[in-house]
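All remarks here apply to the structure that follows.
The values are calculated or read from the model by the stated rules, or taken from the named source; none is laboratory data. Just so it is clear, the model here is predicted, and its values are computed rather than measured. We place every Cβ from the backbone using ideal geometry, glycine too, and count neighbours over all the protein chains shown. Areas reflect the complete protein model, heavy atoms only, side chains present, ligands, DNA and RNA absent. Shrake-Rupley method; radii C 1.70, N 1.55, O 1.52, S 1.80 Å.
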Amino acid sequence: MTDANVNRRLVVPADAVRLTSDALRSMRNMESCCFWFGTRPENGLEMVEGIVIPQQNNNRGHYHVSADAMIKVGNVARERGWKNLAQVHSHPGKGVGHSGYDDEMANSRRALSLVFPNYGVLPGAWRFRGWLWRILPKPFPTEIGVHRYAGGRWRFLEPSEIAGCVDIVARPRPTLIDLRR
């Protein structure tokens, strides 16, 4: 990602946060990942339209997606005209910083990198699955680590920086594509 991409904004439907949490938690206390895909228009507002869960190997300390599995992810995205907007994975505990492994394994420097704590468990108000949080979406959860590649390295964003580059909207609900099956 070039520094010119710093002005882009990721528009995240509230359902994307919940669906991602569900997907990460489904891997039963193992590190896991998925990708947020969508359009990347000229105006810089990138809308998350789909969540793609790749076939992956999971364990408590890291996950791995094979090259063949990434080809399948790329094929799904290409068929829909989607770009990779965010690579998302979980960590054990509350730590949401990038490890050296995370830096090395990131599949795109143009996408944001998000880290969900506690193997994907949603924080606080985001645990509600009902209609309320869709009508009144909360700000992006500060418990989720957001990283951006700029200046030749991955950088952890502070909550004030996240507010400047990620917007939560009530709708539309993203498409969930699970390639683990």
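Only DSSP H runs of four or more residues enter the estimate; each adds -39500 (n - 2.57), and after division by the residues of the chain the mean residue ellipticity at 222 nm equals -6000 deg cm²/dmol.
Taking the 1.4 Å solvent-accessible surface of the chain as the whole, the part contributed by carbon and sulfur is 53%. Here the average projected area of the convex hull drawn through the C-alpha atoms of the chain stands at 9.7 nm². Cross-link partners of LYS83 among lysines, defined as those whose alpha carbon lies under 27 angstrom from its own and excluding same-chain residues fewer than eight positions apart: LYS72, LYS138.
Using the Cα centre as the reference, give the magnitude of the dipole from point charges on the C-beta atoms of the chain (Lys, Arg: +1; Asp, Glu: -1; all else neutral), rounded to the nearest 20 debye. Walk me through the numbers before you get to the answer.
Numbers: 25 positive and 17 negative charges, 90 e Å.
Computed charge dipole of the chain: roughly 440 debye.
How much of the DSSP bridge set in the chain is antiparallel, in percent, rounded to the nearest 5? Could you put the intermediate results ahead of the total?
Details: 19 of 35 bridges.
The answer is about 55 percent antiparallel.
Straightening the chain between GLN55 and MET70 buys 4.6 nm, computed as 0.36 nm per residue apart minus the Cα-Cα spacing.
Apply 1/(1 + (r/R0)^6) to the Cβ-Cβ distance of ARG180 and LYS94, taking R0 = 30 Å, and write down the FRET efficiency to the nearest 0.05.
Values: r = 26 Å, r/R0 = 0.88.
Efficiency, from the Cβ-Cβ distance: 0.70.
When the alpha carbon gyration tensor of the stretch 2-84 is reduced to an equivalent ellipsoid, the three semi-axes, largest first, read 24, 16, 12 Å. Surface exposure of the stretch 1-103, expressed per residue as accessible area with a 1.4 Å probe, stands at 45 Å². Put a dot 7 Å past the Cα of LYS83, heading toward its Cβ, do the same for ASP22, and the two dots end up 2.8 nm apart. In this label model, ASP167 and ARG110 are separated by 2.1 nm, measuring between points 7 Å along each Cα→Cβ vector.
Over all distinct Cα-Cα pairs of the stretch 39-80, the Kirkwood formula returns a hydrodynamic radius of 12.2 Å.
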